[in-house]
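Participant: Below: one structure in structure tokens.
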Amino acid sequence: AEGVQTVEVLQLAKAQRIRSSSINSLTSNMTTLGVPAGDIIMNGKTISIAGTDTLGDVVSKINNANTGDTPSNVVASIVTVSPTENYLVLTSTKTGTDNQIVFSGSGTVRDALGLTSGSVTPTNVLQVAQNAQLKVNGLASTIERQTNVIDDVLTGVTLNLFKAEPDTEISIEIDSDLNAVKQNIADFATAYNAVRDFITDQRTLKDRDPDVADDEETDSFGSLVNDAQFKQFADNLNG
């Protein structure tokens, strides 16, 4: 509905980000780094780490698990502070507290990497997962959503949250999108005229086989001209 709505953004939704302990080499394999071969189970996906894998190989395996119909929703990267100080960083691809990175199974490999320490709880959290919070039209209730793209608060309106400014109300003026209406009418007219041209072509006597020599060519109507359903459709459209 047209009118002015007010929105106060209290906080943005954020994705969880965690890191490993410092890793002193990008070229050494896991065995040399003191990390045993084994599995990391993360968000239900199993990543098998070999003793010959480098840190780059581990990153590739984690990112490969974030593909297909059932992705892990976790991406991996390496942050290099110096040649002897490197970190494996894991980030959830989705914001909100419902999309935190969940470890399960044996913790031998992830503990050795410093992602956890004796439990499934991440040891080094760089960014805590949080939900978006906002207030609309001065209502006392705080609205909370998992994402910064919110389309279920104001009917017909999608809010894209970019910055949190508590105690600052933003006025949103909602008006009719006349350009979209105009474009929809133009698109309909184009499509309608194309159908009319097709009907006219089917009912027109003309050369329909230009590859045949002129002295042998025979003009004909379109192949649908005698089709009962086509006739009914054409008559209804003209009516």
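Participant: Working only within the stretch 167-224, note down all residues that are acidic (D, E), within 30 Å of G138 (Cα to Cα) and at pLDDT below 85.
Facilitator: Within the stretch 167-224, D175, D177 qualify.
Participant: Would you please list the contacts, defined by Cβ atoms under 8 Å and residues six or more apart or on different chains, that run from a residue in the stretch 47-58 that is without any contact (Cβ under 8 Å) to a residue 40 or more places away in the chain to a residue that is in a helix (DSSP H, G or I) and of a type in the set (D, E)?
Facilitator: Matching pairs, first to second residue: A50/D57.
Participant: Go through (1) touching a residue at least 12 places away in the same chain (Cβ under 8 Å); (2) under 24 Å from E2 (Cβ atoms); (3) open to solvent by 70 Å² or more (accessible area, probe 1.4 Å) and name the single condition G138 misses.
Facilitator: Status for G138: all satisfied but (3).
Participant: Let me ask you something else. Quick one: V59 ticks every box in (1) of a type in the set (V, I, T); (2) under 23 Å from V125 (Cβ atoms); (3) within 21 Å of the chain's Cα centre (by Cα) bar one, so which box is it?
Facilitator: For V59, the exception is condition (3).
Participant: Output the number of residues of the stretch 77-110 satisfying the condition of being out of contact with any Lys or Arg (no Cβ under 9 Å at 6 or more places or on another chain) and under 18 Å from S28 (Cα atoms).
Facilitator: Number satisfying all stated conditions: 11.
Participant: Go through the stretch 1-103 and tell me which strands (runs of 3 or more DSSP E), entirely inside it, have 3 or more residues that are surrounded by fewer than 20 Cβ atoms within 10 Å (Cβ to Cβ) and in contact with a helix residue (DSSP H, G or I) (Cβ under 8 Å, 6 or more places away or on another chain).
Facilitator: 74-82
Participant: Examine the stretch 157-179 for a residue that is within 22 Å of the chain's Cα centre (by Cα), among the basic types (K, R) and surrounded by fewer than 11 Cβ atoms within 10 Å (Cβ to Cβ), and state whether such a residue exists.
Facilitator: Yes; the residues of the stretch 157-179 include at least one that is within 22 Å of the chain's Cα centre (by Cα), among the basic types (K, R) and surrounded by fewer than 11 Cβ atoms within 10 Å (Cβ to Cβ).
Participant: Would you mind finding the one in T204, T190 that is open to solvent by 80 Å² or more (accessible area, probe 1.4 Å) and more than 31 Å from the chain's Cα centre (by Cα)?
Facilitator: T190
The values are calculated or read from the model by the stated rules, or taken from the named source; none is laboratory data. In this text, all values refer to a predicted model and were calculated from it rather than measured experimentally. With ideal geometry, Cβ positions are generated from the backbone for all residues, glycine too; neighbour counts draw on all protein chains shown. To get the accessible areas, we keep the full protein, side chains included, count just its heavy atoms, and leave off ligands, DNA and RNA. Shrake-Rupley method; radii C 1.70, N 1.55, O 1.52, S 1.80 Å.
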